[in-house]
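> The structure is given below, and queries will be raised subsequently.
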Amino acid sequence: MEPKQISQGQGDWYVLYILAKSESKVKKLLDRKGIETFLPLTTKIRQWSDRTKRIKTPLFPKYLFARLSNNDFPLVFETPGFIRFLSTSGQKDIVPESEIDLIKDLVSSSPEVSPYQYRIGEQVVVTKGPLQGREGKLIEIKGKKKLVVFIEALNQSLLIEIPSNSVEQAFPLQMRQAVG
């Protein structure tokens, strides 16, 4: 089958629930059908008894994003490995373009890690970078700081490492905005 030209920018983004470990396969099948897809990948280090290797794995296992128009839905339903659409109250969830852009920015950047002076459990706000203005909760301090970012469209938390000079306490920032 000759691959179709992918039509960029037409339709809404949806979250497809995919058979485990089939994300890349389903992505390739949909791409061949001319459907724009996005599979965010992250690099993980895997340790075996004889070697260590960096591998790319899905950021959200069993999920694939697809930009679909009304004509594309039958093509998705007939794709091997597709299980269902992520939905709420029987309605397919549409992911805002801004959320897709945010995830793309996250997977394309590799923030540095440095010591963090705040307390675990404290609410923080990102002041620089692709997550600017987003709030999260500090969950771990081990010579590094880690910020949990809630991606609303997926109902999942995303753990990221972010430079300390890109984060401030959420309360003081809100106070400054109220005063200034």
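> Could you line up Ile120, Ile18 from fewest to most neighbouring Cβ atoms inside 10 Å?
The fewest-first ordering by Cβ neighbours comes to Ile120, Ile18.
> Okay, moving on. With a point put 7 Å past each Cα toward its Cβ, work out how far Lys21 is from Ile83 in nm, to one decimal.
So the two model labels end up 1.5 nm from each other.
> Sort Tyr63, Tyr17 so that the residue with the fewest other Cβ atoms within 10 Å of its own Cβ comes first and the one with the most comes last.
Tyr17, Tyr63
> Could you tally up the Lys pairs in region 12-107 with alpha carbons closer than 13 Å? Skip any pair fewer than 8 positions apart unless they're on separate chains.
Counting lysine pairs in region 12-107 gives 7.
> If you don't mind, there's one more thing I want to ask. With an 8 Å cut-off on Cα pairs and a minimum separation of 6 or more residues, tell me the relative contact order of region 31-99 in percent.
Values: 55 pairs, mean separation 17.5, N = 69.
Answer for region 31-99 is 25 percent.
> Would you mind getting me the FRET efficiency between Glu122 and Lys44? Use the beta-carbon distance for r and R0 = 30 Å, nearest 0.05.
0.65
Computed from the coordinates by the stated procedures, all read-outs in this text should not be read as laboratory data. Computed from a predicted structure; not experimentally measured. Neighbour counts run over all protein chains shown; Cβ positions are idealised from the backbone, glycine included.
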